[in-house]
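Enquirer: Quick one: structure below, then a few questions.
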Amino acid sequence: MKYKLNLPLELEPHRGKFLKSIKPFIKIIPQKEKITKPWQSKIGGLPYLPIDIDFPKNKNGEQLFFLAQINFAEMPSLENFPKKGILQFYINDDANYGLEYDIPDEQNNFRILYFSEIEKDEELLKTKSGFREYSSTPIPPKKSFPILFELKKEAVPLTDHNIHDYIGEDFFNQFGQGQWAIMSAYSKAVSAGGHKIGGYAFFTQEDPRYEMGEYELLFQLDSDQNINCQWGDMGVANFFIKKEDLIKKDFSEVLFNWDCY
């Protein structure tokens, strides 16, 4: 798995700093809409739910919207992530898609479910959606997009606050007025956008983890016309988790964020 880091000429003397930031991630590649098995990795559609598990609800007792699920057995191995089981993401269909800015890690209007063991006897699963009518969702309700995975590498982008760990907070000041052109060139060469598991995060505004402590990217779903996905005005959604919680497979304190232009 090769990764070529293209840097602006002015940054070449500092290449070593940027090379130290390179880390692996899983690129998520949505496929054309089709009917999927309950346990398949997918964006939208019908979630995997055993018959004895209630459909996740918001704080008003209404069904949340099923956003996506990852079957880790279908995905290349990534350090600290489960090797098996299904991880699911649910959000609300309000104007903020379930995000509560003051408590972005409390799962009142969004929910993360993890099933460590998978049942493939469909008689023991909820195979009928029973979806309510949703008013505002980033992807079309009732449509299922199966996904493929690819193991990739990337360097730290300007959007991810971890960049300061590698180059320092005032690194670009040394270039004076030219820093803006250099930063722009770097952003074009190194971007963390797209759908992914792990790696670095992309934001249209700013990284909320400055005040939240150390969280790693768990899952990112970007705006994408190929699956009619749009977060506000061409935004992006991120789910973050503390490293120790990820290792323990404890998804009870995941941080949810989305922003747009």
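The values are calculated or read from the model by the stated rules, or taken from the named source; none is laboratory data. Quick caveat: nothing in here was measured; it's all calculated off a predicted structure. Cβ coordinates were reconstructed from backbone atoms using ideal geometry, including for glycine residues, and neighbour counts include every protein chain displayed.
Enquirer: Quickly run through segment 81-106 and pick out the residues that are touching a Leu at 6+ places or on another chain (Cβ under 8 Å) and either on the phi > 0 side of the Ramachandran plot or touching a residue at least 60 places away in the same chain (Cβ under 8 Å) (or both).
Expert: Phe81, Leu87, Phe89, Ile91, Gly98, Pro104, Asp105 - these are the residues of segment 81-106 that are touching a Leu at 6+ places or on another chain (Cβ under 8 Å) and either on the phi > 0 side of the Ramachandran plot or touching a residue at least 60 places away in the same chain (Cβ under 8 Å) (or both).
Enquirer: Residue by residue through segment 43-61, note down the ones that are in contact with a Phe, Trp or Tyr (Cβ under 6 Å, 6 or more places away or on another chain) and under 17 Å from Ser116 (Cα atoms).
Expert: Pro47, Tyr48
Enquirer: While we're here: From Glu123, Glu169, grab the single residue that is surrounded by fewer than 12 Cβ atoms within 10 Å (Cβ to Cβ) and assigned to a loop (DSSP other than H, G, I, E, B).
Expert: On the way: Glu123 fails: assigned to a loop (DSSP other than H, G, I, E, B).
Testing whether each residue is surrounded by fewer than 12 Cβ atoms within 10 Å (Cβ to Cβ) and assigned to a loop (DSSP other than H, G, I, E, B) leaves just Glu169.
Enquirer: A further question on this structure: Kindly indicate whether Asp250 is without any contact (Cβ under 8 Å) to a residue 12 or more places away in the chain, in contact with a Phe, Trp or Tyr (Cβ under 9 Å, 6 or more places away or on another chain) and over 19 Å from His161 (Cβ atoms).
Expert: On the way: without any contact (Cβ under 8 Å) to a residue 12 or more places away in the chain: yes; in contact with a Phe, Trp or Tyr (Cβ under 9 Å, 6 or more places away or on another chain): yes; over 19 Å from His161 (Cβ atoms): yes.
Here the answer is yes, as Asp250 does meet what is asked.
Enquirer: Something else now. Identify all residues within segment 39-63 that are touching a helix residue (DSSP H, G or I) at 6+ places or on another chain (Cβ under 9 Å) and closer than 18 Å to Ile139 by Cβ; write none if there are none.
Expert: Result: Gln40, Ser41, Ile43, Gly44.
Enquirer: Can you find, within segment 220-245, the residue that is farthest from the chain's Cα centre (by Cα) among those that are under 14 Å from Asn80 (Cβ atoms) and either surrounded by 21 or more Cβ atoms within 10 Å (Cβ to Cβ) or among the polar types (S, T, N, Q) (or both)?
Expert: Residues of segment 220-245 under 14 Å from Asn80 (Cβ atoms): 240-245.
Restricting the remaining residues to those that are either surrounded by 21 or more Cβ atoms within 10 Å (Cβ to Cβ) or among the polar types (S, T, N, Q) (or both) gives 240-241.
Working: Phe240: 8, Ile241: 11 Å.
The selected residue is Ile241.
Enquirer: Asn6 passes all but one of (1) surrounded by fewer than 16 Cβ atoms within 10 Å (Cβ to Cβ); (2) touching a residue at least 40 places away in the same chain (Cβ under 8 Å); (3) under 22 Å from the mean Cα position of the chain (by Cα); which number fails?
Expert: Exception for Asn6: condition (3).
Enquirer: May I pose another question? For Asp259, indicate whether it is out of contact with any helix residue (DSSP H, G or I) (no Cβ under 6 Å at 6 or more places or on another chain) and either closer than 19 Å to Tyr97 by Cβ or crowded, with 19+ Cβ neighbours inside 10 Å (or both). Walk me through how you get there before you give the answer.
Expert: Numbers: out of contact with any helix residue (DSSP H, G or I) (no Cβ under 6 Å at 6 or more places or on another chain): yes; either closer than 19 Å to Tyr97 by Cβ or crowded, with 19+ Cβ neighbours inside 10 Å (or both): yes.
So Asp259 fits the description; yes.
Enquirer: Under 8 Å between Cβ atoms, which residue pairs at least 6 apart in sequence (or on different chains) link something in segment 61-80 that is touching a residue at least 12 places away in the same chain (Cβ under 8 Å) with a partner that is part of a helix (DSSP H, G or I)?
Expert: Within 8 Å, the pairs are Asn80/Lys243; Asn80/Leu246; Asn80/Ile247.
Enquirer: Give the residue, chosen from Ile182, Ile163, Ile167, that is of a type in the set (A, V, I, L, M, F, W, C) and in contact with a His (Cβ under 8 Å, 6 or more places away or on another chain).
Expert: Only one candidate passes the filter, namely Ile167.
Enquirer: Separate question: Go over the candidates Gln179, Gln205, Gln174 one by one and state the one that is in contact with a helix residue (DSSP H, G or I) (Cβ under 7 Å, 6 or more places away or on another chain), surrounded by fewer than 22 Cβ atoms within 10 Å (Cβ to Cβ) and more than 22 Å from Asn108 (Cα to Cα). Let's see the steps before the verdict.
Expert: Working: Gln205 fails: in contact with a helix residue (DSSP H, G or I) (Cβ under 7 Å, 6 or more places away or on another chain); Gln174 fails: in contact with a helix residue (DSSP H, G or I) (Cβ under 7 Å, 6 or more places away or on another chain).
So the residue among Gln179, Gln205, Gln174 that is in contact with a helix residue (DSSP H, G or I) (Cβ under 7 Å, 6 or more places away or on another chain), surrounded by fewer than 22 Cβ atoms within 10 Å (Cβ to Cβ) and more than 22 Å from Asn108 (Cα to Cα) is Gln179.
Enquirer: In this structure, does Ser184 turn out to be at pLDDT 95 or above, of a type in the set (Gly, Ala, Ser) and either part of a strand (DSSP E or B) or surrounded by fewer than 17 Cβ atoms within 10 Å (Cβ to Cβ) (or both)? Give the steps one after another, and end with the answer.
Expert: Values: at pLDDT 95 or above: yes; of a type in the set (Gly, Ala, Ser): yes; either part of a strand (DSSP E or B) or surrounded by fewer than 17 Cβ atoms within 10 Å (Cβ to Cβ) (or both): yes.
Here the answer is yes, as Ser184 does meet what is asked.
Enquirer: Now for a separate question. Go through (1) modelled with pLDDT of 95 or more; (2) closer than 23 Å to Asn109 by Cα; (3) aliphatic (A, V, I, L, M) one by one and return the number of the condition Ile247 breaks.
Expert: Going through the list (1) modelled with pLDDT of 95 or more; (2) closer than 23 Å to Asn109 by Cα; (3) aliphatic (A, V, I, L, M), Ile247 breaks only (2).
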